[in-house]
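Here is the structure we will look at, set down as C-alpha cells.
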Amino acid sequence: MVGLLPELRAFARFLSRDRARADDLVQEAIMRALAARAQFDPATNLKAWVFTILRNLFYEQGRRRKREQIVLEEYSSDAAIGSSPSADSYQLSDLDRMLWQLSPLLREALMLVGAQGMSYEEAAAICGIAVGTMKARVSRARAALVALRDSETGSG
C-alpha cells in the first residue's frame, strides 16, 4: 500500500484541487483501507480497491460539506436578522468572514473543537478521522485565522 501513496496523492489533488485536503483524503483513505483489510480479496486489484475508497470518501465528504453549508447559511441568515450594530457584532462579522475563508475541513475541525467545546477525540469520532488528524486540522485552522487577521490589520 505504501507504494500507492504517490499515485493516491496525485489523484486526491486532482479531485480536491487543494494540497492539504488531498493529504487528508489520502490519510483517511489509507486508514479506511487498513480498517477494512479483511474485506479485500487478494485475487483482485489492490490499487483499484484503494482508489475506490479514496474516491468514495471524496464524494462522501462533498455531500457532508453541502449539508453543512446549508445549515450554516440558515444559521448566518437567522443571526443577521436579530443583530444590532456594535463593536462586538463587527468583530463577530470579521471572524465569521475569516472562518469562511478556511477550507471546509479546517472550518469543521475548529467549529467542533473550538466553538462546540468538544474534545479532540469526540470531534475525530464525528468526522471519522484519527485524533492526530483532528489536532493537526485545528492547529492549521488557528494558524490560518491568525494569518488572516494579521494580514488584514497589517501586522505580521
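The values are calculated or read from the model by the stated rules, or taken from the named source; none is laboratory data. Every value quoted in this text rests on a predicted model; they were computed, and no experiment measured them. A quick note on method: Cβ atoms are made from the backbone with ideal geometry, for glycine too, and the neighbour counts reach across all protein chains shown. To get the accessible areas, we keep the full protein, side chains included, count just its heavy atoms, and leave off ligands, DNA and RNA. Shrake-Rupley method; radii C 1.70, N 1.55, O 1.52, S 1.80 Å.
Farthest toward the positive end of the dipole of the chain, out of Ser16, Ala33, Leu95, is the Cα of Ala33, where the dipole comes from beta carbon charges about the Cα centre. Just checking the listed ones, Ala38, Ala143, Ala125: in the Gaussian network model of the chain with Cα springs under 10 Å, the one fluctuating most is Ala38.
Accessible area per residue for the chain, computed on protein heavy atoms with a 1.4 Å probe, is 62 Å².
By a 1.4 Å probe calculation restricted to protein chains, Ser139 has an accessible surface near 70 Å², given to the nearest 10. Per residue, the convex hull around the alpha carbon atoms of the chain comes to 128 Å³. Only helices enter the 222 nm calculation for the chain: every DSSP H run of n ≥ 4 contributes -39,500 (n - 2.57), and dividing by all residues gives -25000 deg cm²/dmol, rounded to 500.
Loop-located trypsin sites (Lys or Arg not before Pro) in region 25-75 (DSSP state not H, G, I, E or B) with no more than 14 neighbouring Cβ atoms inside 10 Å do not occur.
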